[in-house]
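Read-outs throughout are calculated quantities, based only on the coordinates presented, and are distinct from any laboratory measurement. Bear in mind the structure is a predicted one, so any value in this text is a computation, not a measurement. Glycine also receives a Cβ, built like all others from the backbone with ideal geometry; neighbour counts cover every protein chain displayed.
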């Protein structure tokens, strides 16, 4: 079996698994604030839907208060087998998910393997569709060929993470952004696996290898169907008393208009609208200055918050970051 044929374009972000003890807050956040469809599966499990796929977010009870797994939809069995062969060739163990685990994620079957920052990566080919009509405050979300949105990570070894997603999924560099936030110089790399501008973003501090974020993910993104959906969910987040991280603004690179709320688990949740779609025949990577054209201003951040973030970053100096060297190009120097 060949492992050299590219799987780019056949890979899409499909679902996210979150572990939390804050079930009541997460239900209110997901349904009443963001506006997603909710399915309760018992005292320790719930799911959120964005479309007809049975599961886009699986929320399970646990102490992590973080994302613990990402699920990637592979278009066909040929591409699935190519990804599987790559992982085996690099000597990384694969585990078959149980029938119960697959059912909870709304897929027919899945394979899992180690991912950067301790986030388990899962792949599947066939999502299960729900006949139940959506019950949600939002008019809809954009998924399909673009996947369900993106994840953003902070890292002290960004080249390793880029190498990982290139090795596994043939991810392409879309562009980079350089930005100074609170005196810290950041470089953010945006990686795509399909037509969406990016499915993975990786932010790193320049100079010192600091990771100022406690959680494995810095934020998750979903794409609302209309501008009204963004505005109305922004208002609901405020009215329901959830913390807002960044006000409404527009990004320089993908032109997405969005805001960032803070989830009950502490990482951020971006709701966006109308990002550009990549044309592979004309796109060339570039480096831009500044994350936003306008807006995206911090909301309610105090000096205490900034000091707490500095302490998290200082502690990261003594903490090893898991990069799965066998899949991440261990010999590639970090830029």
Restricting to bridges with both residues inside the range 144-316, how much of the DSSP beta-bridge set is antiparallel, in percent to the nearest 5?
75
Counting other beta carbons within 10 Å of each residue's own, what order do 283, 294 fall into, fewest first?
294, 283
Remind me, relative contact order of the chain in percent, using alpha carbon pairs under 8 angstrom and six or more residues apart?
20
For the range 208-248 versus the range 66-89, the gap between their alpha-carbon centres in whole angstrom
28
For a footprinting-style exposure proxy, rank 73, 198 by other Cβ within 10 Å, fewest first.
73, 198
At 37 °C and a viscosity of 0.692 mPa s, what translational diffusion coefficient does Stokes-Einstein give for the range 226-306, taking Rh as the Kirkwood radius over Cα pairs? Give it in µm²/s as a whole number.
234
Mind jotting down the three principal axis lengths of the range 84-222 based on Cα atoms? Whole angstrom, largest first.
50, 44, 28
Suppose only helical runs count, i.e. DSSP H with n ≥ 4. What mean residue ellipticity at 222 nm does that imply for the chain under -39500 (n - 2.57) per run, divided by all residues and rounded to the nearest 500 deg cm²/dmol?
-6000 deg cm²/dmol
Sorting 130, 258, 63 on the 10 Å Cβ count, fewest up front, what's the list?
63, 130, 258
Taking N as the number of residues in the range 8-88, the ratio of its alpha carbon radius of gyration to 2.2 N^0.38 Å works out to 1.27
Where is the GNM fluctuation largest for the chain (alpha-carbon springs, 10 angstrom cutoff): 274, 221, 253?
274
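Can you tell me, using C-alpha contacts under 8 Å and at least 6 residues apart, the relative contact order of the range 144-316 as a whole percent? Let's see the in-between values first.
Values: 351 pairs, mean separation 43.9, N = 173.
Rounded, it is 25 percent for the range 144-316.
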The range 11-124 - percent relative contact order, Cα under 8 Å, separation 6 or more:
28
Share of antiparallel DSSP beta bridges in the chain, in percent to the nearest 5?
70
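Mind pulling up the Rg/Rh value for the range 144-316? Radius of gyration and Kirkwood radius, both on Cα.
A ratio of 0.95.
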